[in-house]
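*Asks:* First, the structure itself, so that you have it in front of you.
Since every read-out is calculated from the coordinates, none of them should be taken as a lab result. None of the values given here were measured: they were computed from a predicted structure. Heads up, the Cβs are rebuilt from the backbone with ideal geometry, glycines too, and the neighbour counts pull from every protein chain shown.
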Amino acid sequence: MAENRYTPTFAETPAEGAASSAKPGRHHLYSKLDRWAFSVLRFIIGGIFVYAAIPKIIEPGAFAKVIYNYQILPNMLVKPAAIMLPWLELFAGAFIILGVWLEGALIIYNLLMLIFIAALIFNTGRGLDIHCGCFSQEPEDMINMGTIIRDLLIFVPAAYLLVRVFAKPAKQTDDR
C-alpha cells in the first residue's frame, strides 16, 4: 500500500527549510506581507511610468526637443523616439499595475530605467545644462545628481520586482 504523505506548499514551508524550528504561522504571515508588498510596489512602479508618460504623449513636440537636447540619438531617430517611448512607458506601467504580461513589462521597465540612468549620468558627466524631461517638459527639471539618485531609487524596487517575478520557489524533495 502506498504511503500517503502531505507535502507542504512553498508558502507553508519555512524559509530555512524543513528542519527549521520556526513557527508554522510565522512564514505564512511573511508570505502574506511579501504578496502585499509586491502588489504595492507594482502599483507604485507602474504608476510612475504611467504618470511620466502622459505629458510626453500630450506634447510629443516638446518631448522631442528634450530628447534632441540629450545629444545621444541621431536626428532622424528623435521624432520616432518621442512618439514611441511615451507609449512604451504607458503600456509597461499599465501592464505592471494590472499584472498583465508582468514578466515582459518588468523587463522593458528595467531596461528603460537603465537607459534613462545611463543617459543622465552621461550628460551630467559631459556638463550639459539640460532639463530631464522625465515627468514634465518644464525647464526647472534640470538634470543633476538628484535626478540620477531619484532614478536609482525608482530602479531598485523595479529590479526587485523583476527578480521576484523570475525567482522560482525551491522544489520540495520527496523522501522515497
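*Asks:* Using modelled amide H (1.01 Å from N, peptide plane; none on Pro or chain starts), what sits under 5 Å from the amide H of residue 142, excluding residues fewer than 5 places away?
*Replies:* Residues meeting the amide H criterion: 132.
*Asks:* Using only the Cα atoms of region 44-111, build the gyration tensor, take square roots of its eigenvalues as a ≥ b ≥ c, and label the shape rounded, prolate or oblate: rounded if a/c is under 1.5, else prolate if a/b is larger than b/c, else oblate.
*Replies:* On the way: a/c = 2.76, a/b = 1.92, b/c = 1.43.
Taking the square roots of the gyration eigenvalues as a ≥ b ≥ c, region 44-111 is prolate.
*Asks:* Separation between the residue 141 and residue 31 pseudo-spin-labels, each 7 Å from Cα along Cα→Cβ, expressed in nm?
*Replies:* 4.2
*Asks:* What net charge is computed for the residues neighbouring residue 143, neighbours being all others with C-beta under 15 Å from the C-beta of residue 143, Lys and Arg scored +1, Asp and Glu -1? Intermediate values should be presented prior to the final figure.
*Replies:* On the way: positive: 65, 126, 150; negative: 129, 138, 140, 141, 151.
Summing Lys and Arg as +1 and Asp and Glu as -1 gives -2.
*Asks:* What shape does region 23-166 have by the C-alpha gyration tensor, where a ≥ b ≥ c are the square roots of the eigenvalues, rounded means a/c under 1.5, and otherwise prolate means a/b greater than b/c and oblate the rest?
*Replies:* Working: a/c = 2.66, a/b = 1.97, b/c = 1.35.
Judged from the Cα gyration tensor, region 23-166 comes out prolate (a/c at least 1.5, a/b above b/c).
*Asks:* Relative contact order for region 23-166: what is it in percent, counting Cα pairs under 8 Å that are at least 6 residues apart?
*Replies:* On the way: 147 pairs, mean separation 40.6, N = 144.
Relative contact order, region 23-166: 28 percent.
*Asks:* Give the calculated FRET efficiency between residue 75 and residue 114 to the nearest 0.05, with a Förster radius of 41 Å applied to their Cβ-Cβ distance. Please report the intermediate quantities before stating the final value.
*Replies:* Details: r = 24 Å, r/R0 = 0.58.
Computed FRET efficiency for residue 75 and residue 114: 0.95.
*Asks:* What order do you get for 66-79, 108-121 when each peptide is scored by the mean count of other beta carbon atoms within 10 Å, highest first?
*Replies:* Values: 66-79: 14.4, 108-121: 17.6.
In descending order of packing, they fall as 108-121, 66-79.
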